[in-house]
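To start, the structure itself, in structure tokens.
Bear in mind these aren't lab numbers, they're just calculated from the coordinates by the rules spelled out. Everything numeric in this text was worked out from a predicted model, so none of it was measured. Counting neighbours? That spans all protein chains shown, and the Cβs are built from the backbone with ideal geometry, glycine included.
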């Protein structure tokens, strides 16, 4: 199948993951910088091809092992919910048959230093008094 | 809490430990009897064969065997077991695929406890009818 065009994804204002956990779209237009983070990756197939990488920025945060055991799976499931909702409700993506892979978590930090682009969205993951920035990179191409 | 809920035996299948734990807590808080849980479809089928639950709640996106394939398998081999499919994907074709595979209901993530209870109670009525 041939690639027809690169697709952008509509943001979602807010998702209540649990009673005390919210994922909120950030309208912050400042350049993005992080060097302490982890990420989950989703691979898309079907009538599109590409992937989505979600970074949880932990710069300056010192987490105990107990907190890590809570936050890492919470982040992964939150991204699973966000990506599913985005694909399901996006006017263009929602009409396509898309398969999403299970999330793959990586603990390897990557230096992120970028200005905001149409293929990047920023969110804040709020829980138990913490607010962690989340950066999401979309690379999705529609197939003919 | 509805005391009748304890009569309904449930198995929860989701590769996300976080989501599985959350669903089990919601079910137990509402008084349902969770008899097993699995992180993949192969393990789930062993538990279903062993425990003979009334209901299986399964996620769709899982490694190797999807929740849709699991639902088809349950429908074929354990036809008195009801399946509730859950997913963060909720496009019409996904819901139709789940129902086509034999699911009794479809719930989208994040799971709302009241929706889960309502779905379980609808199934409870069906289970009692089949007795």
(request) Residues that are closer than 13 Å to residue A:122 by Cα: find the strands (runs of 3 or more DSSP E) completely inside region A:1-100 holding 2 or more of those. (result) A:21-25, A:32-34, A:48-57
(request) Mind listing whichever residues of region B:97-131 are under 21 Å from residue A:100 (Cα atoms) and within 11 Å of chain A (Cβ to nearest Cβ)? (result) B:97, B:108, B:109, B:110, B:111
(message) I need the full set of residues from region A:65-93 which are without any contact (Cβ under 8 Å) to a residue 12 or more places away in the chain, more than 13 Å from residue B:88 (Cβ to Cβ) and at the interface with chain B (Cβ under 8 Å from one of its Cβ atoms), in order please.
(response) A:73
(message) Being out of contact with any helix residue (DSSP H, G or I) (no Cβ under 7 Å at 6 or more places or on another chain), under 23 Å from residue A:17 (Cα atoms) and in contact (Cβ under 8 Å) with a residue 12 or more places away in the chain narrows it down to one residue among B:95, B:85, B:61; which is it?
(response) B:61
(request) Considering only region B:54-70, state which residues are part of a loop (DSSP other than H, G, I, E, B) and either within 14 Å of chain A (Cβ to nearest Cβ) or crowded, with 24+ Cβ neighbours inside 10 Å (or both). (result) B:60, B:61, B:62, B:63, B:64, B:65, B:66
(message) Can you pull out every residue in region B:71-96 that is within 14 Å of chain A (Cβ to nearest Cβ) and assigned to a helix (DSSP H, G or I)?
(response) B:92, B:93, B:94, B:95, B:96
(request) Take the residues in region B:8-31 that are under 12 Å from residue A:80 (Cβ atoms) and in a helix (DSSP H, G or I), then tell me which one is farthest from the other protein chains (Cβ to nearest Cβ). (result) B:19
(request) Restrict the check to region B:71-78 and report whether at least one residue is surrounded by fewer than 20 Cβ atoms within 10 Å (Cβ to Cβ), over 29 Å from residue A:42 (Cα atoms) and under 15 Å from the mean Cα position of the chain (by Cα). (result) yes
